[in-house]
Amino acid sequence: QVQLVESGGGLVQPGGSLRLSCAASGSINSINTMGWYRRAPGKQRDLVARITTGGSTDYADSVKGRFTISRDNAKNTVYLQMNSLKPEDTAVYYCNAVIQRAWGSPYYDYWGQGTQVTVSS
């Protein structure tokens with residue numbers, strides 16, 4: 001069993017900041033890429049940012065310069081620091097991790113339950 005548990009969402013005013021965290025736990029041998037996706041009302045789920053084990057990052061154009069993704073490999077945890085938040089950042093944010101549960105087995109995608117981020121005055 002593998003679980004991804006997110007925290008840190010909430011309501012914030014435009015221009016404010018939030019930090020999301022996601023910890024992976026359970027039967028884990030190795031974690032490859034970790035990332036954050038979001039689904040705004042009436043839209044599909046889109047990539048926000050992702051980070052490899054080695055620290056290489058990839059961001060959606062809409063968040064470049066405002067959001068920063070990082071990870072702590074020892075804690076199997078990924079973070080998303082969100083600054084200068086805008087109303088259009090309002091969405092449910094989902095954590096994703098590509099995980100190998102046992103040595104030699106395939107890697108699979110795992111998802112968190114989602115955390116709501118609302119940017120409004």
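For the stretch 29-40, the candidate set comprises residues that are farther than 18 Å from GLN81 by Cα and within 18 Å of the chain's Cα centre (by Cα); within that set, the residue that is most open to solvent (accessible area, probe 1.4 Å) is ASN32. Go through the residues of the stretch 55-73 one by one and say whether even a single one is under 25 Å from VAL2 (Cβ atoms) and part of a loop (DSSP other than H, G, I, E, B). Yes: one or more hits.
Looking only at the stretch 1-25, residues that are touching a Phe, Trp or Tyr at 6+ places or on another chain (Cβ under 9 Å) and not polar (S, T, N, Q) come to 9 in all.
For the residues GLN1, GLN44, GLN13, the requirement of being open to solvent by 80 Å² or more (accessible area, probe 1.4 Å) and in contact with a strand residue (DSSP E or B) (Cβ under 7 Å, 6 or more places away or on another chain) singles out GLN1.
Pairs only if they're at least six apart or on different chains, beta carbon under 7 angstrom, first in the stretch 106-121 and over 12 Å from TYR93 (Cβ atoms), second open to solvent by 90 Å² or more (accessible area, probe 1.4 Å) and assigned to a strand (DSSP E or B); list them, first residue then second. That search, which allows pairs on different chains as well, returns SER120/LEU11.
Yes or no, residue by residue, for (1) of a type outside the set (S, T, N, Q); (2) touching a residue at least 60 places away in the same chain (Cβ under 8 Å):
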site	(1), (2)
GLN1	no, no
VAL5	yes, yes
GLN13	no, yes
ARG38	yes, yes
GLY42	yes, no
ILE51	yes, no
GLY55	yes, no
ALA60	yes, no
THR68	no, no
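I want to confirm something. Restricting to the stretch 47-77 and keeping residues that are hydrophobic (A, V, I, L, M, F, W, C) and under 21 Å from VAL92 (Cβ atoms), which single residue is most open to solvent (accessible area, probe 1.4 Å)? The qualifying residue most open to solvent (accessible area, probe 1.4 Å) is LEU47.
The values are calculated or read from the model by the stated rules, or taken from the named source; none is laboratory data. Just so it is clear, the structure is predicted and the values come from calculations on it, not from any experiment. With ideal geometry, Cβ positions are generated from the backbone for all residues, glycine too; neighbour counts draw on all protein chains shown. To get the accessible areas, we keep the full protein, side chains included, count just its heavy atoms, and leave off ligands, DNA and RNA. Shrake-Rupley method; radii C 1.70, N 1.55, O 1.52, S 1.80 Å.
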